[in-house]
Amino acid sequence: MQSKWIWMTICLLLLFPVTGARAQDPQEEAIQKWAKFFDPSTQSEAERIAELRWFAQAAAPFRGHKINSVAEDIKTHFWESELLAQAFQEITGIEVQHEIIGEASVIERLMEQQRTGRLIYDIYVNDADLVGTHLRSQAVVNLTDYMAGEGKPYTNPDLDLQDFLNLEFGQDYDGNQLQLPDQQFANLYWFRYDWFTRPDIQQKFREQYGYELGVPLNWEAYEDIAKFFTGMEIDGRKVYGHLDYGKKSPSLGWRFTDAWLSIAGVGDGGLPNGLPVDEWGIRVENRIPVGASVARGGATNDPAAVYALTKYIEWLNKYAPPEAKNWQWVDSGPKAARGDIAQQVFQYITWLSDEQFHRGEMVGADGKPVWRLAPTPHGRYWDEGMKVGYQDAGSWTIPRNVTGQRRAMAWLWAQFCNSKTVSLKKFLVGGTPIRQSTIFADYLTERKDDWGGLIEFYRSTERYKWTDSGPNVPDYPKLAAIWWPNIARAIEGEVTPQQAMDAIAKAMDEAMSKMHLAKYSPQLNEPRDPQYWLEQPGAPKAERPPAKPLTIPYDDLVKQWTEGN
C-alpha cells in the first residue's frame, strides 16, 4: 500500500511540478508582475519586490475591503485612478475607487465632510494651500502623530520622508505633517528658445530696445519682449508675446492667489512665505491673522497689489491672443504648444507632460524641445529674500472622521502612490515630482534635455524659492471665493484695478472678522490711516518707479543653477 502512495505522489509531481509556494500565489504573481511594470524606477527590481511585499503583508487584514478617494483632474491623478488603483488592488486585495473631479469640487466635498461629519471619501488629494485651514480647524488627521502611534504598523518602513521635495508645504507651524505631498508642480517662465537664439531676431531686438534678448529677470524686460514679439511674423505665422487667461471662473482667482501678488512684490521676505505679510497680503502676527487691507497693516490693496492686477490686465489685452479672455486654467495650459506663443510668464509645468509639447514644431531636428523653462521674472516691488514663484502641492489629506480600518487602508493607498517603487514612473507620466530621488535619478540625468530645463531647475537650490500658499491663510475656501468675481470685474473693465483690490481687501477683512476657529482665529487690527503702514519698513509698500529691464542668456542661467549646487 505504501509503495502505491509513493508511486501516485511521483506521478502527481511529474504532472504538476512544484515551482515554489510564492509562484502559485496570485498575490505574489501580482507583485512580480507590477515590480517589472514599474521600471524605470529609482529602486532595483529586488527592492521593488520587497516594498510591494510589505504593502501586501501590511494590508492582509483588509483584503476584500473597499475605500474611496478623490483628486483633481490632471494627468497624474488619472494615471493613479486608471492604473495604480488596479495595481494596489491586485497586490493588497483592497479595492480603491479613486474618483477624478474638478479642483473646486474636491475642496467643496472636503469642506462638506468636515462640516457635516458625513463620510464622502476616505482620503483626499487636496492642495497643501489649505494647510492654514486644516491647522486651524483641527479637522484632519495629524499624520505625524498617526505614524508614531496607531498608524505605525501601516507606515511603510521605506517611506523616507526626508526624500520628499517639500514636506513643509503640508506642515503646521510646529512641523506636524497634516498633509503628505502626492504630486507637485511649479509655475515657471516658458519661452521659445529657438526664437530667442536666432541671430536675426536677436539683432532686431537689440536695435529696438538697446539690450540683449534673453530670459527676462524682471517684468520690465518681460513686457518689452511681449511687445516685441506680438504681431511679428515668424516662418510665415503671426505670433504673440504673452499667454494667459481671463474667463470669469474660480481658476481666475487661483491665478492670483497662486503667488501672482508675491511675484509682483506684494508681501515681506521669508521662506516659505512672507512674514508678517504673506503673498495674499494678509498680515499675521504670532500665527494670528490681523488684517488684509492696508488700513489694518495688510497689503492686499497696496500699490504693489494694484500694480500686479494692472499688469495682468494690460498684458492680457495687448500681447495675448484675443481668445485668451475666454479661457480658463484648463484651457490655457496647453496653448503654448500651438506654435504662435513666444513666451509665458506663468506656466504650470504639469501641462508640459502633454504629448503636444513633444511633437511637431515643438521639437527640433534633434528631437529635443525647442522651448525652455526658467525662473519666473518678478515685478518692481519684489525684494531679495522673498519667494519667487508658486508650487502647487496636491497632498494626501485624511479627514478626522475617517477612523480605524478605513484610515489604515487610506494611509496605505496614499503611501503606495508615493512609494519609491512608483514615483519615477509617475513623474514620467505627469511631470509632477515629489521625491528628490526621482529628480536625481540616473534615468533622468541621461534624458534631462527632454524636459527643457525642468530637471536642472529642480536639482538647483532655486526651487526652494517656489512655495505654496502656506499656513497663514485661515480659511482658504472662504477667502479664495472672494478673489475671482472681483478680478473678473476688473478684466471686464467694470472697475479699476484699485477698486477691485480694495473690494477684495475689504471682503477678506469682513470674512476674517467672523471666523471662529479651533485654533489661531483672526483678531483684526483696528483700522488706521493707510499712510502710517506705508511708511513702515516692509509690506505694505509705497509706490515705486519702474526698474531697468534685465535679461540673462539662458545658458548662463543654467550654468548658475549647476554651479549653485
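The values are calculated or read from the model by the stated rules, or taken from the named source; none is laboratory data. Remember, predicted model here, so these are calculated numbers, not experimental data. Heads up, the Cβs are rebuilt from the backbone with ideal geometry, glycines too, and the neighbour counts pull from every protein chain shown.
With a requirement of 2 or more residues that are over 25 Å from the mean Cα position of the chain (by Cα) and of a type outside the set (Gly, Ala, Ser), the helices (runs of 4 or more DSSP H) lying completely within the range 436-509 that satisfy it span 476-491.
If I ask for residues that are surrounded by fewer than 14 Cβ atoms within 10 Å (Cβ to Cβ), outside any helix (DSSP H, G or I) and at pLDDT 50 or above, which ones from the range 3-39 would you list? Asp25, the sole residue that qualifies. Of everything listed in (1) in contact (Cβ under 8 Å) with a residue 12 or more places away in the chain; (2) under 27 Å from Met386 (Cα atoms); (3) of a type outside the set (A, V, I, L, M), the single unmet condition for Glu285 is (1).
Would you pick out the residues in the range 510-540 that are of a type in the set (D, E, K, R) and in a loop (DSSP other than H, G, I, E, B)?
At the first step, the residues of the range 510-540 found to be of a type in the set (D, E, K, R) are 510, 514, 519, 526, 528-529, 535.
Within the range 510-540, Lys514, Lys519, Glu526, Arg528, Asp529, Glu535 meet the criteria.
What are the residues in the range 120-162 that are within 19 Å of Ala85 (Cα to Cα) and either touching a strand residue (DSSP E or B) at 6+ places or on another chain (Cβ under 7 Å) or acidic (Asp, Glu) (or both), if any? Within the range 120-162, Tyr121, Asp122, Ile123, Tyr124, Val125, Asn126 meet the criteria.
Against the test of being free of Cβ contacts under 8 Å to residues at least 60 places away in the same chain and of a type in the set (S, T, N, Q), the options Thr350, Thr421, Thr403 yield a single qualifying residue, Thr403. Filtering the range 188-225 to residues that are free of Cβ contacts under 8 Å to residues at least 60 places away in the same chain and assigned to a helix (DSSP H, G or I) leaves Pro199, Asp200, Ile201, Gln202, Gln203, Lys204, Phe205, Arg206, Glu207, Gln208. Among the residues of the range 304-323, none qualifies, meaning not one is part of a loop (DSSP other than H, G, I, E, B), under 24 Å from the mean Cα position of the chain (by Cα), within 28 Å of Ala542 (Cα to Cα) and at pLDDT 95 or above. Across the range 152-165, the number of residues qualifying as surrounded by 18 or more Cβ atoms within 10 Å (Cβ to Cβ) and farther than 23 Å from Pro433 by Cα comes to 1.
Of all strands (runs of 3 or more DSSP E) completely enclosed by the range 336-411, which ones contain at least 3 residues that are within 30 Å of Asp145 (Cβ to Cβ) and not hydroxyl-bearing (Ser, Thr, Tyr)? First the steps, then the outcome.
Values: elements: 343-348, 371-374, 389-397.
Qualifying strands (runs of 3 or more DSSP E): 389-397.
For Leu271, state whether it is among the aliphatic types (A, V, I, L, M), surrounded by fewer than 24 Cβ atoms within 10 Å (Cβ to Cβ), closer than 15 Å to Asp383 by Cβ and over 19 Å from the mean Cα position of the chain (by Cα). Before you say what the answer is, go through the steps one by one.
Working: among the aliphatic types (A, V, I, L, M): yes; surrounded by fewer than 24 Cβ atoms within 10 Å (Cβ to Cβ): yes; closer than 15 Å to Asp383 by Cβ: yes; over 19 Å from the mean Cα position of the chain (by Cα): no.
Criteria not met by Leu271.
Could you please let me know if Gln498 is assigned by TED's automatic domain parsing to the domain that holds Gly149 and of a type outside the set (Lys, Arg)? Considered against the rule, which asks whether it is assigned by TED's automatic domain parsing to the domain that holds Gly149 and of a type outside the set (Lys, Arg), Gln498 comes out as no. Only one of the numbered conditions (1) assigned by TED's automatic domain parsing to the domain that holds Ala518; (2) surrounded by fewer than 20 Cβ atoms within 10 Å (Cβ to Cβ); (3) in contact with a strand residue (DSSP E or B) (Cβ under 7 Å, 6 or more places away or on another chain) is not met by Arg406, and that is (1).
Looking only at the range 110-140, which residues are among the charged types (D, E, K, R) and either surrounded by 17 or more Cβ atoms within 10 Å (Cβ to Cβ) or at pLDDT below 95 (or both)? Steps first, answer last, please.
Step one: of the range 110-140, the residues among the charged types (D, E, K, R) are 112, 115, 118, 122, 127, 129, 136.
Result: Arg115, Asp122, Asp127, Asp129, Arg136.
Is it the case that some residue within the range 166-187 is modelled with pLDDT of 95 or more, more than 20 Å from Ala393 (Cβ to Cβ) and in a loop (DSSP other than H, G, I, E, B)? Checking the range 166-187: not a single residue is modelled with pLDDT of 95 or more, more than 20 Å from Ala393 (Cβ to Cβ) and in a loop (DSSP other than H, G, I, E, B).
Let's see how each residue does on (1) touching a residue at least 60 places away in the same chain (Cβ under 8 Å); (2) hydroxyl-bearing (Ser, Thr, Tyr):
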residue	(1), (2)
Glu29	no, no
Gln32	no, no
Ser44	no, yes
Ala59	yes, no
Glu72	yes, no
Phe78	no, no
Leu83	no, no
Ile91	yes, no
Met111	yes, no
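Checking the structure you have, find out if any residue of the range 139-148 is among the acidic types (Asp, Glu) and outside any strand (DSSP E or B). Yes, the range 139-148 contains at least one residue that is among the acidic types (Asp, Glu) and outside any strand (DSSP E or B).
If we scan the range 51-58, do we find a residue that is farther than 19 Å from Arg407 by Cβ and within 29 Å of the chain's Cα centre (by Cα)? Checked against the condition, which is being farther than 19 Å from Arg407 by Cβ and within 29 Å of the chain's Cα centre (by Cα), the range 51-58 yields at least one hit.
Please state which one of Ser419, Ser395 is within 27 Å of Ala259 (Cβ to Cβ), in contact with a helix residue (DSSP H, G or I) (Cβ under 8 Å, 6 or more places away or on another chain) and among the small types (Gly, Ala, Ser).
On the way: Ser419 fails: within 27 Å of Ala259 (Cβ to Cβ).
Ser395 is the lone residue from the list that is within 27 Å of Ala259 (Cβ to Cβ), in contact with a helix residue (DSSP H, G or I) (Cβ under 8 Å, 6 or more places away or on another chain) and among the small types (Gly, Ala, Ser).
Cβ-Cβ distances below 8 Å connect the following pairs, each with a first residue in the range 301-314 that is under 12 Å from Ile504 (Cβ atoms), a second residue that is polar (S, T, N, Q), and a separation of six or more residues or different chains: Asn301/Ser293; Asn301/Gln498; Val306/Gln498.
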